[in-house]
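Read through the structure below, which is laid out as structure tokens, and then see the notes.
The values are calculated or read from the model by the stated rules, or taken from the named source; none is laboratory data. Please read these numbers as outputs of a predicted model, since none were measured by experiment. Neighbour counts run over all protein chains shown; Cβ positions are idealised from the backbone, glycine included.
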Amino acid sequence: MPTAFQDDLLEVSVSRLRASGAIQADATSVVVTFGQGDHALRREVRIVHRRFPNGGSWSLFLCPSCGRRVRKLRLHEKVMCWRCCVQSGLGYRISDGSAAERAEARARRTERLQAQLGGGPLRLRPRPGRVMDRRGALELRLRRARIVGRLSVLRGVKDSSEG
């Protein structure tokens with residue numbers, strides 16, 4: 001069982017950097033910052049752009065460890081993508097942790113989804129007249145998370161009554 005989980009690592013998203021204006025459509029690299037204050041770690045990371053015929057584009061990081069195009073980079077001993085984290089033995093708390101860790105991760109996920117549904121716009125720059133994009137998808141995720149939570153509680157009650 002892993003001692004560290006990908007959920008706990010510092011991460012940076014290319015989508016957030018692009019939306020905030022830190023990445024322009026013609027940039028070839030960007031300096032990403034992990035953490036805050038005096039202990040922040042800064043690394044220069046190459047980026048690529050996928051351009052579309054309609055004039056739009058997506059930006060993606062090039063993982064410094066393996067060279068794959070990824071949306072998020074994580075910091076664990078070095079900057080890497082999720083695939084490199086898996087190869088290093090890092091899993092996700094919700095699937096690879098102990099029963100208590102999985103239950104805690106499920107509860108945090110449910111709380112986060114409820115906060116997103118109850119909060120303001122999900123986009124950094126929401127479209128005019130739109131309060132919440134992807135509301136149906138978030139409601140479905142929340143419903144599934146609650147069902148899984150109830151099932152795990154029922155399994156725990158069943159297991160304790162059999163013992």
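Answer yes or no as to whether Glu11 is modelled with pLDDT of 80 or more, surrounded by 13 or more Cβ atoms within 10 Å (Cβ to Cβ) and among the acidic types (Asp, Glu).
On the way: modelled with pLDDT of 80 or more: yes; surrounded by 13 or more Cβ atoms within 10 Å (Cβ to Cβ): yes; among the acidic types (Asp, Glu): yes.
Against the criterion (modelled with pLDDT of 80 or more, surrounded by 13 or more Cβ atoms within 10 Å (Cβ to Cβ) and among the acidic types (Asp, Glu)), Glu11 qualifies.
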- Message: Can you find a residue that is of a type outside the set (S, T, N, Q), at pLDDT below 90 and within 26 Å of Gly91 (Cβ to Cβ) anywhere in the range 40-62?
- Response: yes
- Of the conditions (1) crowded, with 16+ Cβ neighbours inside 10 Å; (2) at pLDDT 80 or above; (3) under 19 Å from Leu151 (Cβ atoms), Gly97 fails just one. Which one is it? (2)
- Message: So Gly55 passes all but one of these: (1) under 19 Å from Ser15 (Cα atoms); (2) crowded, with 16+ Cβ neighbours inside 10 Å; (3) out of contact with any Lys or Arg (no Cβ under 6 Å at 6 or more places or on another chain). Which condition number does it fail?
- Response: (2)
- Message: When you scan the range 58-65, do you find a residue that is loosely packed, with under 14 Cβ neighbours inside 10 Å and on the phi < 0 side of the Ramachandran plot, even just one?
- Response: no
- Task: May I ask you to verify whether Arg42 is of a type in the set (Lys, Arg) and surrounded by 14 or more Cβ atoms within 10 Å (Cβ to Cβ)?
- Result: no
